[in-house]
Amino acid sequence: MPVQDRVCECGHKFRGTNFKCSRCRAGWRTCKHCEREFHGHGRVCGSCAASQKRTCDNCGKSFKGVNRKCKPCRKTKRNCSDCGREIVSDMLKCSTCQAIERECTDCRDIFIGKDLKCWQCRKIERDCWGCGETFVGATNYCDVCRDSDRNCTDCGVAFTGKRSRCNRCQIEDRECDGCGRGFRSAGNRRCSACRAKDRACPECNRIFRATRSICPGCEATDKVCVDCHSPFWGRDRRCGPCNWQRTPAEIRTNRSRAYYQARRARLLGTDSSDRVTEAEYASIRADGQCVYCGRLTTDGDVDHIRPLTLGGRHEVTNLVLACIHCNRSKTNSLLIRWRPDRVEHACRISEKVRAEYERQLVESAVGP
C-alpha cells in the first residue's frame with residue numbers, strides 16, 4: 001500500500017500506509033523481549049527498541065535508537081508547526097507546544113508534559129548507555145554523561161550542559177498559564193510565584209516556600225570553581241567572580257546601573273511602587289538616542305526626569321536615556337529650571353517628558 005496523506009477516524013491528519021493514526025492504533029501490549037507492559041502499537045517497547053545498536057546512514061557513527069540517523073544528524077533548523085518559532089530539533093513542534101496537560105497512566109496525577117507518564121513514574125533503575133553505570137532516572141544517560149562541554153547552536157558560546165542551546169538563548173518572554181502575568185524563562189509555562197509552594201526540606205526538615213525540593217541552605221556546599229579552581233560555598237559550578245566575567249558586557253552594564261539606581265533610591269527614601277528590572281533598563285538604553293538633545297550615544301545613562309532629591313519616583317515612567325553631557329548638565333534640576341531648547345526637544349519625542357513637564361508647570365503655576 002503506498003504512503004499517502006490520510007485522515008483517521010478521529011479526524012487527525014497523518015501520512016502513512018495504515019487507515020488509523022498511531023494514536024488510535026496504540027494500546028496496552030506486552031513487550032516480547034522484557035515482557036513488560038507498555039503503551040504503543042509495536043511488538044517491542046521503546047526501551048528495548050532504543051537499546052539496539054545501529055549505524056547512522058549519514059555520518060556512519062554507531063548509536064542506540066530506533067531511527068536510521070543519529071539525533072545530531074536529524075536535528076535541523078525549522079519552524080514549529082504550531083507557534084512558528086524557529087527551533088533546532090528533530091521534532092516538528094517545539095518542546096513548549098508538545099507539552100500539554102495530561103493524566104499519568106500509572107499514578108493518575110495531572111501533569112504538564114509530552115510523555116504518557118509523569119517524571120516520578122518514569123524514574124526506574126537502568127544502565128547508562130554512555131558509561132554503563134547503574135542509576136535511577138527517567139533518561140537513558142546518567143547526569144554525568146549528559147553534562148558535557150558543547151557550543152550553543154544559536155550564539156556559538158561554549159557551555160557545559162545537556163541541551164543544544166545555552167540558558168541565555170533558551171530564555172524568552174512567556175505568559176504564565178496560572179496568573180497570566182508576563183515573565184522570562186527558558187522552558188517553564190508558569191512563573192516562579194505560581195510554581196512555588198510550601199514544602200519540607202528532606203535534609204533539615206525546615207519548611208520553606210520555593211520551586212525546588214531542597215532549601216537553599218542545604219543545596220549550597222563546598223565546591224571548587226571549574227574555571228579558576230578556587231574553593232567557594234554555593235550552588236553553582238562557578239564562583240561569583242567567574243560567573244560575572246562570563247556575563248556579556250552589555251548585561252553587566254545594565255545590571256550594575258540598575259543596582260546602583262535602586263540603591264540610590266533606597267538611600268534617598270523615595271517612594272517607589274515598582275522595582276525597575278534589568279530588562280527594563282536594557283529596553284530604555286536600547287534606543288541609543290539622547291532624549292534631550294537627540295545625539296546618538298553608546299555610553300549614555302538612564303536619567304530620572306524628576307530628580308530623586310526633589311520627590312521623583314524610581315520607576316519606568318520616570319526614566320529616560322540621556323547622554324553624559326545632558327545628564328551632567330541637568331543634575332538634579334527640574335525641567336522648568338533647565339535649558340528650554342533641550343526640554344522642548346524632549347517633549348516632542350517623549351510622552352513621559354511631556355507629561356512631567358506639564359505637571360511641573362501646573363505645580364509652579366506658570367502656565368503652558
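Would you tally the residues in the range 278-302 being in a loop (DSSP other than H, G, I, E, B) and either touching a strand residue (DSSP E or B) at 6+ places or on another chain (Cβ under 9 Å) or in contact (Cβ under 8 Å) with a residue 24 or more places away in the chain (or both)? Show your work before the answer.
From the range 278-302, those in a loop (DSSP other than H, G, I, E, B) are 286-288, 290-295, 297-300; that's our starting set.
Subsequent filtering for residues that are either touching a strand residue (DSSP E or B) at 6+ places or on another chain (Cβ under 9 Å) or in contact (Cβ under 8 Å) with a residue 24 or more places away in the chain (or both) retains 286-288, 290-295, 297, 299-300.
Count: 12.
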* Test: Val44 is on the phi < 0 side of the Ramachandran plot and surrounded by 15 or more Cβ atoms within 10 Å (Cβ to Cβ) -> yes
* Asked: Is the range 88-98 home to any residue that is in contact (Cβ under 8 Å) with a residue 40 or more places away in the chain, in a loop (DSSP other than H, G, I, E, B) and under 22 Å from Ser185 (Cβ atoms)?
  -> no
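Yes/no matrix, rows are residues, columns are (1) within 25 Å of the chain's Cα centre (by Cα); (2) surrounded by 13 or more Cβ atoms within 10 Å (Cβ to Cβ):
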residue: Pro202; (1), (2): no, no
residue: Arg212; (1), (2): yes, yes
residue: Glu219; (1), (2): yes, yes
residue: Lys223; (1), (2): no, yes
residue: Pro231; (1), (2): no, no
residue: Gly234; (1), (2): yes, yes
residue: Asn243; (1), (2): yes, yes
* May I ask you to verify whether Ala196 is touching a residue at least 40 places away in the same chain (Cβ under 8 Å), small (Gly, Ala, Ser) and more than 26 Å from Arg146 (Cα to Cα)? => no
* What pairs can you find where one residue is in the range 201-217 and closer than 21 Å to Gln120 by Cβ, the other is of a type in the set (S, T, N, Q) and modelled with pLDDT of 80 or more, and their Cβ atoms are less than 6 Å apart, with a gap of 6+ or different chains? -> Thr211/Ser192
* the range 47-69 - residue that is more than 26 Å from Lys123 (Cβ to Cβ) and of a type in the set (A, V, I, L, M, F, W, C) and, of those, surrounded by the fewest Cβ atoms within 10 Å (Cβ to Cβ) -> Cys59
* Take the residues of the range 126-156 that are of a type in the set (Asp, Glu) and in a strand (DSSP E or B): which is nearest to the chain's Cα centre (by Cα)? -> Asp149
* Residue, surrounded by the most Cβ atoms within 10 Å (Cβ to Cβ), within the range 1-14, restricted to residues that are in contact with a strand residue (DSSP E or B) (Cβ under 8 Å, 6 or more places away or on another chain) and closer than 26 Å to Lys117 by Cα -> Cys8
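Scan Arg74, Arg29 and give me the residue that is surrounded by 13 or more Cβ atoms within 10 Å (Cβ to Cβ) and closer than 26 Å to Cys152 by Cβ.
Values: Arg29 fails: closer than 26 Å to Cys152 by Cβ.
Being surrounded by 13 or more Cβ atoms within 10 Å (Cβ to Cβ) and closer than 26 Å to Cys152 by Cβ holds for just one of Arg74, Arg29, which is Arg74.
Please find, within the range 303-331, the residue that is nearest to Glu358 (Cα to Cα) out of those that are assigned to a loop (DSSP other than H, G, I, E, B) and in contact with a strand residue (DSSP E or B) (Cβ under 9 Å, 6 or more places away or on another chain). I'd like the intermediate steps shown before the answer.
In the first step, residues of the range 303-331 are kept if they are assigned to a loop (DSSP other than H, G, I, E, B); the result is 305-307, 311-315, 323, 331.
When the remaining residues are screened for being in contact with a strand residue (DSSP E or B) (Cβ under 9 Å, 6 or more places away or on another chain), the result is 305, 312-314, 323.
Numbers: Ile305: 12, Gly312: 15, Arg313: 17, His314: 19, Cys323: 23 Å.
Checking each candidate, the answer is Ile305.
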* Are any residues in the range 126-137 under 17 Å from Gly65 (Cβ atoms) and either touching a residue at least 60 places away in the same chain (Cβ under 8 Å) or not acidic (Asp, Glu) (or both), and if so, which ones? -> Arg126, Cys128, Trp129, Gly130
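For the subset of the range 147-171 comprising residues that are among the acidic types (Asp, Glu) and without any contact (Cβ under 8 Å) to a residue 40 or more places away in the chain, which member is surrounded by the most Cβ atoms within 10 Å (Cβ to Cβ)? Spell out the reasoning first.
Of the range 147-171, the ones among the acidic types (Asp, Glu) are 147, 149, 154.
Still in the list and also without any contact (Cβ under 8 Å) to a residue 40 or more places away in the chain: 147, 149.
Values: Asp147: 13, Asp149: 8.
The qualifying residue surrounded by the most Cβ atoms within 10 Å (Cβ to Cβ) is Asp147.
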* Among the numbered criteria (1) crowded, with 21+ Cβ neighbours inside 10 Å; (2) not in a helix (DSSP H, G or I), which single criterion is violated by Glu356? -> (2)
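The values are calculated or read from the model by the stated rules, or taken from the named source; none is laboratory data. Because the structure is a prediction, the values reported are computed rather than measured. Quick reminder, even Gly has a Cβ in these numbers, built from the backbone with ideal geometry, and neighbours come from all protein chains shown.
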